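One structure is given below, encoded as structure tokens.
The values are calculated or read from the model by the stated rules, or taken from the named source; none is laboratory data. Computed from a prediction, not measured in an experiment: that's the story for all the values here. Positions of Cβ are backbone-derived with ideal geometry, glycine not excepted, and every protein chain shown enters the neighbour counts.
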Amino acid sequence: MKQKVLFEELTPEEFRIRLAEAPIAYLPLGTLEWHGEHLPLGSDSVQPSSFFQELAIQVGGIVMPALFLGPDKMEVVNDVEYYGKDRGNNFEDEKQRYDKQILAGSVYWIPDSLFISLLESILKQLKRQGFKILVAHGHGPSTRIVMDHSELWEAKYGIKIFHLWGSENDDWNGFMYDHAAMLETSVVMKYRPDLVHMENLSPNPDIWPLGVRGYDPRFYASLEKGNEIVNIQMNRIVTKLKEALKK
Ligand SMILES: [Zn+2]
């Protein structure tokens, strides 16, 4: 039988056993956010959640439900709020520019301060249960806040924090290092090919896919690329977690 790794599916005894074997919690930092016409709105949950389930089978630990709330840049123009990719006009590449607009399906934004207190509440309770390690990754701005607070939170909660980016990582094979472009599209193709609809994008190479940032997914995304990205990160984080568990 396949190991159970999802927090919400464990009985208290299964929880005790998994926690004693490896006191690692995995937190997918998701959103419900526009990811182009071709990807699901929950792409930021699907990717880390699937990856963490594979990782937990390899090194132990428990996968938490994905958050769907996260911070992002925001602007208010004429009393209308624009979040993240809604802001549109910030791209350096002219072809990728578009007008500010409320992109369909984005329902995730919370201010940095609320996200920080949410994470602190989670850490406090993970510590109370006896977790020693947190792996948190997903939506860029959420992951960045966790990275920026790692040192402080490690000292405060005694929980070592990891993510899936790193200086040894090649950004262009990074895990969730673009927006709905080659990297994210390839990883969703790997884990949930049924949710990827490339046919929703224009075949005209001169029309850039709206609200997509990175290498054009129409020409560069593939299952092979998804496997490559996942393998790089998997090897890196498995080594790091095994070292951390020895301490
Ligand atoms: Zn994303």
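Which residue is farthest from the chain's Cα centre (by Cα), if the candidates are limited to the range 64-84 and must be exposed (fewer than 13 other Cβ atoms within 10 Å of the Cβ) and part of a loop (DSSP other than H, G, I, E, B)? Top of the filtered list is Asn78. In the range 175-193 there is at least one residue that is part of a helix (DSSP H, G or I), of a type in the set (S, T, N, Q) and within 16 Å of the ligand (Cβ to nearest atom). Considering the range 130-172, and only residues there that are modelled with pLDDT of 95 or more, closer than 24 Å to Asn235 by Cβ and in a loop (DSSP other than H, G, I, E, B), the residue that is nearest to the ligand (Cβ to nearest atom) turns out to be His139. Filtering the range 47-62 to residues that are away from the ligand (no atom under 16 Å from the Cβ), closer than 27 Å to Ala221 by Cα and either of a type in the set (Phe, Trp, Tyr) or crowded, with 22+ Cβ neighbours inside 10 Å (or both) leaves Leu55, Ala56.
Leu123 fulfils the conditions (1) at pLDDT below 95; (2) surrounded by 21 or more Cβ atoms within 10 Å (Cβ to Cβ); (3) more than 13 Å from the ligand (Cβ to nearest atom) except for a single criterion, (1). Can you confirm whether the range 85-102 contains a residue that is part of a helix (DSSP H, G or I), at pLDDT 95 or above, away from the ligand (no atom under 16 Å from the Cβ) and among the charged types (D, E, K, R)? Among the residues of the range 85-102, not one is part of a helix (DSSP H, G or I), at pLDDT 95 or above, away from the ligand (no atom under 16 Å from the Cβ) and among the charged types (D, E, K, R), which makes the answer no.
Tell me which residues, restricted to the range 202-229, are out of contact with any Leu (no Cβ under 7 Å at 6 or more places or on another chain), touching a residue at least 60 places away in the same chain (Cβ under 8 Å) and surrounded by 21 or more Cβ atoms within 10 Å (Cβ to Cβ). Val212, Pro217 - these are the residues of the range 202-229 that are out of contact with any Leu (no Cβ under 7 Å at 6 or more places or on another chain), touching a residue at least 60 places away in the same chain (Cβ under 8 Å) and surrounded by 21 or more Cβ atoms within 10 Å (Cβ to Cβ). Within the range 134-154, residues that are in contact (Cβ under 8 Å) with a residue 60 or more places away in the chain reach partners that are hydroxyl-bearing (Ser, Thr, Tyr) and in a helix (DSSP H, G or I) with beta carbons closer than 6 Å, at six or more positions or on different chains, in the pairs His137/Thr143. A single member of Ser50, Ser45 is of a type in the set (Ser, Thr, Tyr), modelled with pLDDT of 95 or more and in contact with a helix residue (DSSP H, G or I) (Cβ under 9 Å, 6 or more places away or on another chain), and it is Ser50. Among all residues of the range 19-37, there is none that is buried (at least 21 other Cβ atoms within 10 Å of the Cβ), β-branched (Val, Ile, Thr), part of a helix (DSSP H, G or I) and on the phi < 0 side of the Ramachandran plot.
Residues of the range 1-25 that are of a type in the set (D, E, K, R) and farther than 26 Å from Lys247 by Cα: Lys2, Glu8, Glu9.
Matching residues to (1) within 15 Å of the ligand (Cβ to nearest atom); (2) under 22 Å from Gly174 (Cα atoms):
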site	(1), (2)
Lys4	no, no
Pro12	no, no
Leu19	no, no
Ala22	no, no
Tyr26	no, yes
Leu29	yes, yes
Leu32	yes, yes
His35	yes, yes
Ser45	yes, yes
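If you go through the range 63-81 and keep only what is within 16 Å of the ligand (Cβ to nearest atom) and of a type outside the set (A, V, I, L, M), you end up with Phe68, Gly70, Pro71, Asp72, Lys73.
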